[in-house]
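K.L.:
For reference, the structure I am asking about is given below.
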Amino acid sequence: MKALVYEKYTEDDDFSKILIIKDIPEPKPGPNEVIFRVKAAALNYDDIWGMRGKPLAIPLPHISGTDASGEVIAIGEDVKHIKVGDRIVSHGNMSCRVCKVCTRGEEYNCKKRKIWGFETGPLWGGYCEITHLPEVNVVKIPENVSYEEAAAASMTLLTSWHMLVARAKIQPGQLVLVMGGSSGVGSFGIQIAKLFGCTVIATASPGKLDQLIELGADYAIDHRKEDWDKEVRQIAKKIPKPFGETPGIDVIFEHIGGTHWNKELTLLKYGTTIVTTGATTGYNAATDLRHIFFKGINILGSTQGTRAELEQGLYWMSQGKIKAIIDSEYPLEKATEAHNKMLKGKGLFGKIIMKP
């Protein structure tokens, strides 16, 4: 079968030097596994980290791809709830399922957790014609959700849902600031906050602001401006609060990191929350601790989420309340072009899909 493979890391982000199409053997199902023909797979930034070999030296030779959807073509003898012909999408959080944190419903905190298609291998991911996963790591796709939409939602919808619903515990009427609203997680963050009856301020680069409004954001701000935070503050002051509450941001949805971190902290009201899942502009963020202890701010980390949370998100997609934003589609043979677009981010809005 055809697979997108690399056998060494890149030192200069020239993906064309390492990405090759290879013919590899088709997988056979283990007792608890399902085999599926991949219909669509979505790019994630961890694909680039993998090709760099940083921050983790992932297994080589490697097939990337955490978010894959497809049709089941074979199952292991112990598979109970999935059958041949089912339409499925991956839940890429692979945990032990038996430790204390897993059995209390926190598989995302499992010390043995690995991200499928990033940390797994060799040659085990979604960028190929046929792949395999344990039954517990796949979810059935609702009938009115396409393979492409499911793949685009797999990690990003899961991550956004876990950030806002499970970690930040958003409530109707709150003012939510979604940083990087044009990204995969950001686009879902906007929609989830609106689903829960929140007012949303979203940020992006200047050419994408109208799209944020179309997606449901109440206000859109260019976060590349030096004084972007002042614009957010002025908007927050204009929004009336019930019961005489102090104007300000209740929840910040954060995945940008270093360049914006301290300004974000200044925008939060007393006793409110910032939830973070990434750091695309850098990990080493300087923090003015006064904003945290004096205002009683809650800083929450968040990584992926549970299989049940992915099912919840897909349910709301099937009801037309949340949609996956797909920027573009590429065949595996144009993987270098696809990854370069994700790396540069110019004009990118939503997820990039690859198909075998």
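K.L.:
From the set of residues in the stretch 172-197 that are free of Cβ contacts under 8 Å to residues at least 40 places away in the same chain and in a loop (DSSP other than H, G, I, E, B), which is nearest to SER318 (Cα to Cα)?
P.N.:
PHE196
K.L.:
Of the residues PRO142, PRO134, which single one is in contact (Cβ under 8 Å) with a residue 12 or more places away in the chain and touching a Leu at 6+ places or on another chain (Cβ under 7 Å)?
P.N.:
PRO142
K.L.:
Assigned to a loop (DSSP other than H, G, I, E, B) and polar (S, T, N, Q) - does that describe any residue in the stretch 92-106? Talk me through it step by step, then tell me what you get.
P.N.:
Step one: filter the stretch 92-106 for residues assigned to a loop (DSSP other than H, G, I, E, B), giving 92, 95-99, 104-106.
Keeping just the survivors that are polar (S, T, N, Q) gives 95.
Within the stretch 92-106 (the criterion being assigned to a loop (DSSP other than H, G, I, E, B) and polar (S, T, N, Q)), the answer is yes, since at least one residue qualifies.
K.L.:
Considering the stretch 2-20 alone, what residues qualify as being farther than 15 Å from PRO331 by Cα and not in a helix (DSSP H, G or I)?
P.N.:
Scanning the stretch 2-20 gives TYR6, GLU7, LYS8, TYR9, THR10, GLU11, ASP12, ASP13, ASP14, ILE18.
K.L.:
Criterion first (outside any helix (DSSP H, G or I), under 13 Å from VAL178 (Cβ atoms) and touching a Cys at 6+ places or on another chain (Cβ under 9 Å)) does VAL251 satisfy it?
P.N.:
yes
K.L.:
Would you mind finding the one in GLY117, GLY105, GLY121, GLY65 that is surrounded by fewer than 16 Cβ atoms within 10 Å (Cβ to Cβ), at positive phi and in contact (Cβ under 8 Å) with a residue 24 or more places away in the chain?
P.N.:
One residue alone meets the criteria, GLY105.
K.L.:
Is it fair to say ALA74 is within 22 Å of LEU158 (Cα to Cα) and either in a helix (DSSP H, G or I) or not charged (D, E, K, R) (or both)?
P.N.:
It is false that ALA74 is within 22 Å of LEU158 (Cα to Cα) and either in a helix (DSSP H, G or I) or not charged (D, E, K, R) (or both).
K.L.:
Then there's this: Within the stretch 50-67, restricting attention to residues that are under 17 Å from PRO122 (Cβ atoms) and either among the aromatic types (Phe, Trp, Tyr) or in contact with a helix residue (DSSP H, G or I) (Cβ under 9 Å, 6 or more places away or on another chain) (or both), which residue is modelled with the lowest pLDDT?
P.N.:
LEU56
K.L.:
Looking at (1) buried (at least 16 other Cβ atoms within 10 Å of the Cβ); (2) part of a strand (DSSP E or B), can you tell me which one GLU309 breaks?
P.N.:
(2)
K.L.:
Suppose the filter is assigned to a helix (DSSP H, G or I), out of contact with any Cys (no Cβ under 9 Å at 6 or more places or on another chain) and surrounded by 14 or more Cβ atoms within 10 Å (Cβ to Cβ); does GLU214 pass it?
P.N.:
Details: assigned to a helix (DSSP H, G or I): yes; out of contact with any Cys (no Cβ under 9 Å at 6 or more places or on another chain): yes; surrounded by 14 or more Cβ atoms within 10 Å (Cβ to Cβ): no.
No; evaluated as a whole, the condition is false for this residue.
K.L.:
Looking at THR287, THR246, THR259, THR266 in this structure, which one is in a loop (DSSP other than H, G, I, E, B), at pLDDT below 95, of a type in the set (Ser, Thr, Tyr) and surrounded by 12 or more Cβ atoms within 10 Å (Cβ to Cβ)?
P.N.:
Going through THR287, THR246, THR259, THR266 in turn, just one is in a loop (DSSP other than H, G, I, E, B), at pLDDT below 95, of a type in the set (Ser, Thr, Tyr) and surrounded by 12 or more Cβ atoms within 10 Å (Cβ to Cβ): THR259.
K.L.:
Taking only the stretch 142-174 into account, find how many residues are farther than 29 Å from THR276 by Cβ and hydrophobic (A, V, I, L, M, F, W, C).
P.N.:
0
K.L.:
Further question: Out of everything in the stretch 217-241 that is assigned to a loop (DSSP other than H, G, I, E, B) and crowded, with 19+ Cβ neighbours inside 10 Å, what residue ends up being modelled with the highest pLDDT? Steps first, please.
P.N.:
Applying the first criterion (assigned to a loop (DSSP other than H, G, I, E, B)) to the stretch 217-241 yields 217-218, 223-227, 239-241.
Within this subset, residues satisfying the condition of being crowded, with 19+ Cβ neighbours inside 10 Å are 217, 223.
Values: ALA217: 97, HIS223: 90.
Step by step, filter the stretch 217-241, then rank; the result is ALA217.
The values are calculated or read from the model by the stated rules, or taken from the named source; none is laboratory data. Source: prediction; values computed, not measured. Glycine gets a Cβ as well: all are built from the backbone with ideal geometry, and neighbour counts include every protein chain shown.
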